[in-house]
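J.: The structure is given below, and queries will be raised subsequently.
The values are calculated or read from the model by the stated rules, or taken from the named source; none is laboratory data. Not measured: the values here are computed from a predicted model. In this analysis, Cβ positions are derived from the backbone assuming ideal geometry, glycine residues included, and neighbour counts consider all displayed protein chains. For accessibility, only protein heavy atoms count, side chains too; no ligands or nucleic acids. Shrake-Rupley method; radii C 1.70, N 1.55, O 1.52, S 1.80 Å.
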Amino acid sequence: MPADRDADLDSNGTPPPGSEADSYTPRPGPGRPRMNREDYEDAIERTPEYEAFMAELEEFHRKQGTTLQREPVLGGKKLDIMRIYKWVMEAGGYEKVTQDRGWKKISIPFNLPSTCTNSAFVVKQAYHRNLLAYEHYKTGKTIPVGLFGSPRRDASFESSPMSPAMSALAAINTLASPGM
């Protein structure tokens, strides 16, 4: 019968050098173990088309003052947002996919583990955050104010705390205020 490993630990919870417990590696606690970025499965095909799409999308986000999450992760797999964008556009766009409750269909080709019960929600959220305004831009639709949330804070925004769209909204609200 193996010896009690905890009995060999000192008052700090570490085994004395050379003891049997010194070679013991504890199992991760409750929940799943933390993964490093390198551990995520990478099924993204980085073709010239992918690189051109990502460069255009990054430039779009830079001009909007927002942060692009290039490779969202779900179920230990990196999601290819170019493929998501193509599939959503082929299905009729964000509004149509949402209306038809088609986000599960969009997530199926990623072969996510069955434990990812919220995959449709996460894929929809990743699309909304990273691609919806881009879809509006590419299809000629107006990008609603506040679609992205708050702009990121970087040097280019320190001198100008409000984006042009937010400044216009503030001006409209000021004009609409009673007593002005």
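J.: Within segment 49-78, restricting attention to residues that are part of a loop (DSSP other than H, G, I, E, B) and out of contact with any Ser or Thr (no Cβ under 8 Å at 6 or more places or on another chain), which residue is nearest to Pro144 (Cα to Cα)?
T.: Ranking the qualifying residues of segment 49-78, first place goes to Thr66.
J.: Suppose the filter is at pLDDT 95 or above and either farther than 19 Å from Glu51 by Cα or touching a Cys at 6+ places or on another chain (Cβ under 7 Å) (or both); does Gln99 pass it?
T.: Yes.
J.: Here are Ala133, Ala126, Ala170: which of them is open to solvent by less than 40 Å² (accessible area, probe 1.4 Å), at pLDDT 50 or above and in contact with a Phe, Trp or Tyr (Cβ under 7 Å, 6 or more places away or on another chain)?
T.: Just one listed residue meets the conditions, Ala133.
J.: Taking the options Gly102, Gly92, name whichever one is crowded, with 16+ Cβ neighbours inside 10 Å and without any contact (Cβ under 8 Å) to a residue 12 or more places away in the chain.
T.: From the options Gly102, Gly92, the qualifying one is Gly102.
J.: Another question, then. Can you name the residue in segment 37-78 that is of a type in the set (A, V, I, L, M, F, W, C) and modelled with pLDDT under 90 and is also surrounded by the most Cβ atoms within 10 Å (Cβ to Cβ) among such residues?
T.: Leu74
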